[in-house]
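For reference, the structure is listed below as structure tokens.
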Amino acid sequence: MSHGPIELLVVKFPGNKFTGQIVPALTELVDNGTVRIIDLLFVQKDADGDLTIVELTELDEDERAALDPVVADVSGMISDDDALLFANALEPNSSAGLLLFENTWASRFVSAVREADGEVIVSERIPRAVIEELAAVEAED
Amino acid sequence: MMRRRAMRRRGPGLVGTMARTAVIAGTATAVHRGMSGAMDSRAQAQQQEAAAQEAAFQSQQDVQALQNQMAAMQAQQAQAAFAAQAPPAAPGNDLMAQLQQLSQLHESGALNDDEFAAAKAKLLAG
């Protein structure tokens, strides 16, 4: 097991279609070693607000066949509670994909840093809003 | 209502585990420690460089610039220390942060199960 930073992504889609167009982009990221998917599940909210959790194996045959080779592991680390927590924010007639993945590119970089006797002492994701604020300040100068 | 399916997803979950292990507080401490370490060694390097430059009779301007840099770095360091002391998850618009805080209150016993459930429902509905 490598040790890149792990990230959870929740992607919302209108209606009940999950993946279709995002699969090729995801496949590319996996194939070139940028990310490794370690858990994946989908949540649907119908018109009445009822929730259904859908596993990879329960997708339509086409979607499953496209996604299956991309997913390294369905670890189940994303719990029912996690899924329901995020699904609560969905509006009726929409769905979401929950994706837990490792940033494998970062793991390779960290290895290179270590081999060069370097040490990563800070690794933080900076919120987009912070960058926008800084860019605005710079634009004023 | 929720339909069941085959796979088990009964583990403690990401959100609960993050709240329990106080990942955020840990990160703040680690950042602070990392930053001070880096600052200390960099400040030391700067001091040595400044001394070397003085010895080499560099212009007074260069020394002044280095001293300004060091003062700026010390200010940054103080800020980093302050940030690390601040509460790790201050109330904000961030739903995750609020949920984590709520969960911490629940774990610490400040909220009982019913209060926690009600507050969580309110937060999620809001």
Subset of segment A:48-68 [in contact (Cβ under 8 Å) with a residue 40 or more places away in the chain and away from chain B (no Cβ under 13 Å)]: A:E63, A:A66, A:L67
Scope segment A:14-27; condition part of a strand (DSSP E or B) and under 23 Å from A:D73 (Cβ atoms); matching residues: none
Checklist (1) outside any helix (DSSP H, G or I); (2) among the basic types (K, R); (3) under 18 Å from A:K17 (Cβ atoms) applied to A:R64, failing item: (1)
Candidates A:G97, A:G4 - the one that is of a type outside the set (A, V, I, L, M), under 26 Å from A:E124 (Cβ atoms) and modelled with pLDDT under 90: A:G4
Set A:V43, A:V30, A:V11: member being outside any strand (DSSP E or B) and touching a strand residue (DSSP E or B) at 6+ places or on another chain (Cβ under 8 Å): A:V30
Residue tally, condition in a helix (DSSP H, G or I), of a type outside the set (D, E, K, R) and surrounded by fewer than 16 Cβ atoms within 10 Å (Cβ to Cβ), over segment A:106-141: 12
Pair list, Cβ < 9 Å and 6+ apart or interchain, from segment A:116-141 residues that are within 16 Å of A:P5 (Cβ to Cβ) to residues that are of a type in the set (S, T, Y): A:E124/B:T27
Check on A:S94, more than 9 Å from every other protein chain (Cβ to nearest Cβ), among the hydroxyl-bearing types (S, T, Y), farther than 22 Å from A:K17 by Cα and surrounded by fewer than 18 Cβ atoms within 10 Å (Cβ to Cβ): no
Qualifying residue in segment A:74-85 (condition: away from chain B (no Cβ under 14 Å), closer than 30 Å to B:A117 by Cα, touching a Gly at 6+ places or on another chain (Cβ under 8 Å) and surrounded by 12 or more Cβ atoms within 10 Å (Cβ to Cβ)): no
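The values are calculated or read from the model by the stated rules, or taken from the named source; none is laboratory data. Values in this document were obtained by computation on a predicted structure and should not be read as measured data. Ideal geometry is used to build each Cβ from the backbone, glycine not excepted, and the neighbour counts take in all protein chains shown.
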